[in-house]
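The values are calculated or read from the model by the stated rules, or taken from the named source; none is laboratory data. Just so you know, these numbers come straight off a predicted model, no measurement behind them. Cβ: placed from backbone, ideal geometry, glycine included. Neighbour counts: every protein chain shown.
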Amino acid sequence: MKQTVAHKLIAAHLVEGTLSPGEEIALRIDQTLTQDATGTLVMLEFEAMDVTRVQTEVSAQYVDHNLIQEDYKNPDDHLFLQSACQRFGVWFSRPGNGVSHAVHMQHFGKPGRTLLGSDSHTPAAGSMGMLAIGAGGMEVALAMAGEPMRTKMPEIWGVRLTGALPDWVSAKDVILEMLRRHDVDGGVGRIIEYYGPGLQCLSAMDRHVIANMGAELGATTTVFPSDEAVRRFLIAHGRGDDWTELRADEGCEYDVHESIDLSALEPLIAKPSSPGNVVPVAEIAGEPIYQAYIGSSANPGYRDYAVAAEMVSGRVVSGRVSFDVNPSSRGILTTLMRDGHIAHLLQAGARLHQAGCNGCIGMGQAPATGRNSLRTTPRNFPGRSGTKEDSVFLCSPETATASALTGVITDPRTLDMPYPKVSEPDDPFVDTRNLAAPPPLAEAANVELVKGPNIKALPEVEPLPDALELPVLLVVGDDISTDEIMPAGARVLPYRSNIPKIAEFVYDVIDESYPKRALDEGDHAIVGGGNYGQGSSREHAALAPRYLGLRLVVAKSYSRIHWQNLVNFGVLPLTFSDPADYDRMEQGDVLHLEGVRDALSSGEVLEASVPQKGAFRLRHALSPRQVEVLREGGLVNWMRARHAA
């Protein structure tokens, strides 16, 4: 049977199941990726499993999100992570070394391998022929312990690329075009696979841009073939021996078909406050801006900065604009310095920040109130920037830089300058000195975990009861993101290792009263719309509400990662059999469910009732294994029961 790249990757790692869409499959995981906003919980979970050493080929921990040393909390967590890496056999990327996705691609990514990461943008590694999937931290901890990763077999969505990108149009505009066509839930239950002659104009780092933001479509992951572009990238980084060719078979079949003529694309921009709110830049040109921001995991390559540097060379950005440059790695920053590009940016008025996620996750570079910010980041959910009432647009480096020069949103094609022709260098600066290898097992056994006062043990979670009587404390709309459930930013994320404290911020973007009401009420339910829990993989968005008493979420539909995170922490995720029933639900209703434990095992339909409103038919999409996990009260309890047996 002729196979796609995705089918080949899955088949080579399949432990259980078949390649039939919708069936639960189990995959062997070769590599794991964790970052500091989610990694502290991963390490605490791994410790709780009593496993002495990771069982993967490579596991790497990056410190890239929480770099601000406002007080002791972030530095303490960094020390904890460093000690955990030494104890458990994990590579440690020091603070300021760079964004996990770019650094992992440079130093560890290998065609043909699987990668599971506790960051929703882990699929960026699909740019080099990997099967790279974002997941909750608990699943990553299990993979580190040697357990397979379980998910439902996705459909494979083939996107054929033809033509070549015109001047002033780049890889960001390709993924924005996909979002313009399909919005933020168009990829749910699918793997996106790009192929076709148009690939010839896309470097490995261009593909990284597209694969990274496949997460904004809700896709399980994105894959590209491992071809000559990937080979050039690996050779440039001194890892030519890691290259293997991986292409789709000629004449293979895709479950879903799409095509994009690259030569027909124009500069695009996502308006506030969703990555799917995409229009041509020309349509909104002229609106004043306060900030233009280049960098992040979504545009981490050399050319993304070098093009901007050439555009501003000999010029100065508008005095009304904060021009923020966020390098993605020390290696890329050093190469840009060597080639003179950083000097051009600084002389033009750019503000250079340390290599890391920074403003993308609300850690600095917050825009002014009521002013527009143009960013090359992957997300613009409400408040994610650190400014509660923000106005963030997503665009290419070319559009952001053109707008920085003029002070208004500007189609870069209208600038009176030639398009800078910049390619990825064949001789980038490669430095592994800020990547600490794990010590040998005998030495690691003597390492003590360093736990500061902000690091608290995981809360205990009780098994699922057989009867539920739950007041509905919140009813929210469609496309609720994990940034809205569990806000990011410098105010909140430093408490990522302290669930009781971080729980005080749950849903405060939408309803500041929810945490107190939840603690006062105890067990309760939340009702959501479609695509509930889109965005970040952070499991705090499930664990912190569970700590507050959340037992049940009923929604029209879910984002894959958050749905799994709810299961992992013992929160029952159900959907309406009739989506119209969503409109019948109100805050203050009380949901009654009887015989829940047996009902989950005997079928997909559960009966619920609400006084004065009658019966509701609710559904679950849980596998038998997930039902066991929920009955135990979550994955930690389930693993303990298995180990005890």
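Things to note:
- Some residue of the stretch 137-149 being modelled with pLDDT of 95 or more and assigned to a strand (DSSP E or B): yes
- Counting only residues that are outside any helix (DSSP H, G or I), of a type outside the set (A, V, I, L, M) and over 23 Å from the mean Cα position of the chain (by Cα), the stretch 299-335 holds 8 of them.
- Residues located in the stretch 52-67, provided they are buried (at least 18 other Cβ atoms within 10 Å of the Cβ) and either β-branched (Val, Ile, Thr) or assigned by TED's automatic domain parsing to the domain that holds ARG330 (or both): VAL54, THR56, VAL58, VAL63
- The single residue among ALA125, ALA132 that is touching a residue at least 24 places away in the same chain (Cβ under 8 Å), among the aliphatic types (A, V, I, L, M) and part of a helix (DSSP H, G or I) turns out to be ALA125.
- Residues within the stretch 38-55 that are among the β-branched types (Val, Ile, Thr) and within 19 Å of the chain's Cα centre (by Cα), tallied: 3
- Only listed residue being outside any loop (DSSP other than H, G, I, E, B), crowded, with 24+ Cβ neighbours inside 10 Å and not assigned by TED's automatic domain parsing to the domain that holds ALA298, chosen from ALA503, ALA542: ALA542
- Single unsatisfied condition, GLU448 versus (1) more than 30 Å from GLY319 (Cβ to Cβ); (2) assigned by TED's automatic domain parsing to the domain that holds VAL321: (2)
- Criterion (part of a strand (DSSP E or B) and either assigned by TED's automatic domain parsing to the domain that holds ALA37 or not aliphatic (A, V, I, L, M) (or both)) met by exactly one of SER373, SER385: SER373
- Residue in the stretch 420-435 that is of a type in the set (Ser, Thr, Tyr) and free of Cβ contacts under 8 Å to residues at least 40 places away in the same chain present: no
- Qualifying residue in the stretch 283-297 (condition: modelled with pLDDT under 95, surrounded by 15 or more Cβ atoms within 10 Å (Cβ to Cβ) and more than 23 Å from VAL408 (Cβ to Cβ)): yes
- Scope the stretch 369-423; condition basic (Lys, Arg), in contact with a Phe, Trp or Tyr (Cβ under 7 Å, 6 or more places away or on another chain) and surrounded by fewer than 19 Cβ atoms within 10 Å (Cβ to Cβ); matching residues: ARG371, ARG413
For every residue, the table says whether it meets (1) in the same structural domain as SER170 (by TED's automatic domain parsing); (2) farther than 30 Å from GLY331 by Cα; (3) not hydroxyl-bearing (Ser, Thr, Tyr).
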{"position": "CYS252", "(1), (2), (3)": "yes, yes, yes"}
{"position": "HIS257", "(1), (2), (3)": "yes, yes, yes"}
{"position": "SER274", "(1), (2), (3)": "no, yes, no"}
{"position": "GLU287", "(1), (2), (3)": "no, yes, yes"}
{"position": "ALA309", "(1), (2), (3)": "no, no, yes"}
{"position": "VAL317", "(1), (2), (3)": "no, no, yes"}
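- Residue match in the stretch 425-437 (condition: over 29 Å from GLN106 (Cα atoms) and either crowded, with 24+ Cβ neighbours inside 10 Å or out of contact with any helix residue (DSSP H, G or I) (no Cβ under 9 Å at 6 or more places or on another chain) (or both)): no
- Applying the criterion of being in a loop (DSSP other than H, G, I, E, B) and among the aliphatic types (A, V, I, L, M) to the residues of the stretch 70-115, the residue that is nearest to the chain's Cα centre (by Cα) is VAL99.
- Residue in the stretch 214-254 that is farthest from PHE381 (Cα to Cα), counting only those that are in contact with a Leu (Cβ under 9 Å, 6 or more places away or on another chain) and part of a loop (DSSP other than H, G, I, E, B): TRP243
- Residues in the stretch 511-539 that are of a type outside the set (Gly, Ala, Ser), assigned to a loop (DSSP other than H, G, I, E, B) and closer than 26 Å to PRO275 by Cα: 5 in all.
- Test: residue in the stretch 187-198 that is over 19 Å from the mean Cα position of the chain (by Cα), modelled with pLDDT of 95 or more and assigned to a helix (DSSP H, G or I): yes
- Considered as a group, the residues in the stretch 20-42 that are aliphatic (A, V, I, L, M) and at pLDDT 95 or above include one that is surrounded by the most Cβ atoms within 10 Å (Cβ to Cβ), and that residue is LEU33.
- Taken over the stretch 8-48, the residue count meeting the criterion of being under 25 Å from LEU493 (Cα atoms) and not in a helix (DSSP H, G or I) is 4.
- Residue count for the stretch 475-500, restricted to those that are closer than 20 Å to PHE381 by Cα, over 21 Å from the mean Cα position of the chain (by Cα) and not in a loop (DSSP other than H, G, I, E, B): 1.
- Per the listing VAL554, VAL472, the residue uniquely buried (at least 24 other Cβ atoms within 10 Å of the Cβ), at pLDDT 95 or above and more than 24 Å from ASN380 (Cα to Cα) is VAL554.
- Hey, ALA580 part of a loop (DSSP other than H, G, I, E, B), of a type in the set (A, V, I, L, M, F, W, C), in the same structural domain as VAL553 (by TED's automatic domain parsing) and out of contact with any strand residue (DSSP E or B) (no Cβ under 7 Å at 6 or more places or on another chain) or not: no
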